[in-house]
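Worksheet: one structure, shown below.
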Amino acid sequence: MYTLHINELSETEFLNQYWQKKPLLIKAGFKDFADPLDAEELAGLAMEESIESRMVTNHDGWQCENGPFEDFSALANDHATLLVQAVDHWHPEAAQLVEPFRFIPNWRIDDLMVSYSTPGGGVGPHLDQYDVFIIQGSGKRHWRVGNVDKNIKQFSADKALLQVGEFEAVIDVVLEPGDILYIPPSAPHEGYAVESAINYSVGFRAPNQTDLLSAFADHLIDLDLGQARYSDADLNIQQSRGELTQPDITKLRHLMIDAIKDDNTFLRFIAEQLSEPKHDKDLLPLEPKLEPNELSDFLREYPVIYKAGGLRSIYIAQKDSVLLAVEGHSFNLPSKHLSIIAALCDQQYQYTEQLLAHTDCLLFRQTLSTLINEGYWYAD
């Protein structure tokens, strides 16, 4: 297990002073750091069809190629980088790197991206629209980081590679194993390997208005909701036939907002949307399927069940119920199960003795059986 040291800051002080505000260099954030995987293991993951990977080179201009890969000859040269997304979904040891950052709510955490670079390798100066902690593994990497600049212009260095121009660095440092950079959204940065190096990036999700509104419209369509129609029983003669009046604009706006204000619709949508998986996972569905009436015996057989790597699970506490969302699927449960649902979502494993206390409820048995059958939680 890794223990995070944010210089002399508490987690609360870090959030107040730096989170989404300005970058921070964290020297020896992980003391006595040891890589959880090596370049060969990373290359093995990049060969898999279900795992997102990229190869970026800057020999004669920038080039970015998407995996899966069979040929890694480019990594025999300088100025090359292999990047693999969602490594925490597939590599349990690497997934432990995410745990120290869970003082940020789980729904905000995206994934662990791991990169291997040969000397001079990088992806060029760029910015991200999300927060990221970059952990230095083996080797050394030279980083320059600027302050947040929401007006900085981006351009395509390659069809799949956005970069930015020159920027003033407020951090200019060579990272060594265990050092960490925190980089907020819209802060330009660039890193180049001084020697062959491995880096780990813990990234965070930040949905924008377009994403949410588009997904909400799809949700309404899928469930045949949002059918309330504009009405104007109080219509009066207006002077200009072509004018859309302010009262009408207000009524139209409220028609749209009312759909979002409906808790029954919106809470289910937002829970499912924020738990929606972005990357594939290493799931092992249970065979034969566990029936709800077999759940108690199953839990007595195993002292602990574990959450699958990278699993997205969140809950919303309501007055009389708890809305649980896992991987884009939602379940309504009685509020008496709030504590155990919170434990399932908060922790990476759960003692089955605590789960057994809730198996007198058929709905709970049905829900947990479904989650285990899908491989979302598993016994080892």
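The values are calculated or read from the model by the stated rules, or taken from the named source; none is laboratory data. None of these values were measured; they are calculated from a predicted model. Here Cβ is always computed from backbone atoms with ideal geometry, including for glycine, and neighbour counts include all displayed protein chains. In case anyone asks, the SASA skips ligands and DNA or RNA and just uses the protein heavy atoms, side chains included. Shrake-Rupley method; radii C 1.70, N 1.55, O 1.52, S 1.80 Å.
List the number of the failed condition for Pro285; all other conditions in (1) within 29 Å of the chain's Cα centre (by Cα); (2) exposed (fewer than 12 other Cβ atoms within 10 Å of the Cβ); (3) farther than 28 Å from Val87 by Cα hold.
With respect to (1) within 29 Å of the chain's Cα centre (by Cα); (2) exposed (fewer than 12 other Cβ atoms within 10 Å of the Cβ); (3) farther than 28 Å from Val87 by Cα, Pro285 is out only on (3).
For segment 233-255, name all the residues that are surrounded by fewer than 14 Cβ atoms within 10 Å (Cβ to Cβ) and either in contact (Cβ under 8 Å) with a residue 24 or more places away in the chain or among the hydrophobic types (A, V, I, L, M, F, W, C) (or both).
Correct list: Ala233, Leu235, Ile237, Leu244, Ile249, Leu252.
Only one of Asp179, Asp110, Asp128, Asp172 is touching a Gly at 6+ places or on another chain (Cβ under 9 Å), of a type in the set (D, E, K, R) and closer than 23 Å to Thr57 by Cα; which?
Asp128
Residue by residue through segment 63-103, note down the ones that are within 28 Å of Leu284 (Cβ to Cβ) and of a type in the set (Val, Ile, Thr).
Across segment 63-103, the qualifying residues are Val84, Val87, Val98.
Select from segment 335-348 the residues that are farther than 13 Å from Ser313 by Cα and not aliphatic (A, V, I, L, M) and write down the one among them that is surrounded by the most Cβ atoms within 10 Å (Cβ to Cβ).
Only one residue fits best here, namely His337.
Just to verify a result, which residue in segment 143-160, among those that are over 15 Å from Val170 (Cβ atoms) and of a type outside the set (A, V, I, L, M), is least open to solvent (accessible area, probe 1.4 Å)?
Residue satisfying both the conditions and the ranking: Asp158.
Taking the condition within 14 Å of Ile180 (Cβ to Cβ), in contact (Cβ under 8 Å) with a residue 60 or more places away in the chain and either open to solvent by 50 Å² or more (accessible area, probe 1.4 Å) or among the hydroxyl-bearing types (Ser, Thr, Tyr) (or both), does Lys22 pass?
Criteria not met by Lys22.
Go through the residues of segment 346-354 one by one and say whether even a single one is in contact (Cβ under 8 Å) with a residue 60 or more places away in the chain and on the phi > 0 side of the Ramachandran plot. Give the steps one after another, and end with the answer.
Taking segment 346-354 as the starting set, the residues that turn out to be in contact (Cβ under 8 Å) with a residue 60 or more places away in the chain are 346, 348.
Those still in the list that are on the phi > 0 side of the Ramachandran plot too: none.
Scanning segment 346-354 turns up no residue that is in contact (Cβ under 8 Å) with a residue 60 or more places away in the chain and on the phi > 0 side of the Ramachandran plot.
Quick one: which residue in Glu287, Glu291 is at pLDDT below 95 and out of contact with any Phe, Trp or Tyr (no Cβ under 8 Å at 6 or more places or on another chain)?
Glu287
Answer with yes or no whether Asp38 is modelled with pLDDT of 95 or more, crowded, with 17+ Cβ neighbours inside 10 Å and farther than 15 Å from Leu181 by Cα.
no
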